[in-house]
Each structure stands twice: as C-alpha cells, then as structure tokens.
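Heads up, the thing below is written out as structure tokens.
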Amino acid sequence: MKLTPHLLLNAYAQGVFPMADPDGTIYWYDPNPRAIIPLDKFHVPRRLARHIRQGEAEVRFDTAFRQVMTACARPAPGRETTWINNEIIDVYCDLHELGFAHSVETWADDRLVGGLYGVSLRGLFAGESMFSQQTNASKIALVALVEHLRRQKFVLLDTQFITPHLHRFGAVEIPRAEYLRRLDAALRTETDFWPVTGPKVVI
C-alpha cells in the first residue's frame with residue numbers, strides 16, 4: 001500500500017503510525033504501552049535551562065523540514081540503521097506542505113545542528129524523530145516545541161516509545177486504552193499548530 005498524506009492522517013487519528021524496515025517494507029505500529037510527555041508536567045533539567053538562557057542557539061520552526069528529516073534518517077552512534085527511508089521522507093514532506101507536519105530546528109552560526117519533526121492533528125502532536133550534531137541541540141528543540149504547544153493549547157504530545165532521554169523530560173508510558181482516550185480528546189480540541197495568519201517562527 002502506497003503511503004499518502006491522506007492515509008497518514010487517517011492512521012494518526014486511529015493511533016497508528018508507519019515505520020520502514022531496513023529492506024524498505026513499511027509496517028504499521030500501535031505500541032502498548034504508549035509513551036507520551038504530559039504537557040503540564042514537562043521538566044527541563046536545570047543545566048539545560050541554564051544553557052538555553054545563555055542564548056547561544058537559535059530555534060526556527062518549519063524552515064528546513066526536509067533537512068531535518070534527512071538528518072534524522074542518517075546513521076548515528078548506536079543507531080546504524082533507521083526506520084526513515086526515502087518513501088517516508090517524501091510523504092512526510094508532502095504532509096508538511098499541507099500544513100500537518102512540522103520541524104523544530106536548532107541553529108548555531110547559521111548551521112543546522114539539531115532538531116525534530118512530527119505531525120500535528122488538531123490537539124495532537126506526534127513526535128517522530130530527532131537528531132543532534134551538537135551538545136543539547138535536540139533538547140533545545142524539544143523545549144521550544146513544548147513551549148509552542150502550550151501556547152497553542154495542544155493537549156497531547158505523543159512520543160510513541162520511551163527512551164532515557166525522553167524520560168528525563170517527564171515522558172511516561174500509558175496503556176493503549178488510555179492513549180486512545182486522550183487521542184479522542186485531542187482530536188476534539190479546536191486548535192492548530194499555527195494561527196491562521198501565523199508566520200514561521202524564529203526564536
């Protein structure tokens with residue numbers, strides 16, 4: 001089955017998302033338990049907060065979406081292969097053009113050094129992947145994302161799986177039934193990632 005933006009949005013509305021195997025085969029995933037970051041309990045480690053206050057990095061939204069996805073797809077130490085293949089990149093870029101997929105980018109000296117991307121659907125933001133080429137770069141993007149989601153009155157930040165990295169920020173695992181309940185509430189929430197007249201954001 002060919003991936004399309006319409007198919008992706010329907011899948012996210014049901015709590016399902018795609019990942020590619022190394023051979024290119026696309027499979028659909030519905031983890032149980034499911035990892036989320038409660039937006040009202042998001043925790044910024046003290047050292048990271050101090051680093052952010054120093055203002056050495058610049059955060060931009062939606063200015064280099066394909067670059068972020070491509071960086072997330074590259075092998076990294078401890079991650080020789082990823083689930084992001086060319087088909088995944090292309091269809092999420094299409095979704096980005098339609099306004100449903102977004103990147104949060106960390107820049108230093110006008111160079112992209114970290115970031116993340118994900119899918120927004122009403123009050124849901126589904127984080128997909130992140131990368132970092134400089135200390136704290138992906139963490140800075142995550143902090144900026146959460147601040148933005150709070151401003152826009154989002155109610156659910158889905159991280160799919162839990163990692164020690166996400167756990168430090170307050171990520172928790174919940175049963176699938178609880179996730180679907182929260183997803184239903186998010187899809188009933190009248191909000192959007194950008195206001196109708198909102199520009200791309202540079203922080």
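The values are calculated or read from the model by the stated rules, or taken from the named source; none is laboratory data. All values derive from a computational prediction rather than experimental measurement. Here Cβ is always computed from backbone atoms with ideal geometry, including for glycine, and neighbour counts include all displayed protein chains.
Data table
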read-out: Residue, modelled with the lowest pLDDT, within segment 26-67, restricted to residues that are over 30 Å from ASP90 (Cβ atoms) and among the hydrophobic types (A, V, I, L, M, F, W, C); value: ALA49
read-out: Residues within segment 70-103 that are in contact with a Phe, Trp or Tyr (Cβ under 6 Å, 6 or more places away or on another chain) and either under 20 Å from GLN134 (Cα atoms) or not hydrophobic (A, V, I, L, M, F, W, C) (or both), tallied; value: 5
read-out: Test: GLY123 is buried (at least 21 other Cβ atoms within 10 Å of the Cβ) and closer than 24 Å to ALA57 by Cβ; value: no
read-out: Single unsatisfied condition, HIS43 versus (1) over 29 Å from GLU178 (Cα atoms); (2) of a type outside the set (S, T, N, Q); (3) surrounded by fewer than 20 Cβ atoms within 10 Å (Cβ to Cβ); value: (1)
read-out: Matching residues, segment 156-182, being crowded, with 17+ Cβ neighbours inside 10 Å and either free of Cβ contacts under 8 Å to residues at least 12 places away in the same chain or in contact with a strand residue (DSSP E or B) (Cβ under 8 Å, 6 or more places away or on another chain) (or both); value: LEU156, LEU157, ASP158, THR159, GLN160, ILE162, LEU166, ALA171, TYR179, ARG182
read-out: Test: residue in segment 43-60 that is over 20 Å from THR135 (Cβ atoms) and either out of contact with any Gly (no Cβ under 8 Å at 6 or more places or on another chain) or of a type outside the set (D, E, K, R) (or both); value: no
read-out: Condition met for PHE125 (closer than 18 Å to VAL16 by Cβ, of a type in the set (A, V, I, L, M, F, W, C) and modelled with pLDDT of 95 or more); value: yes
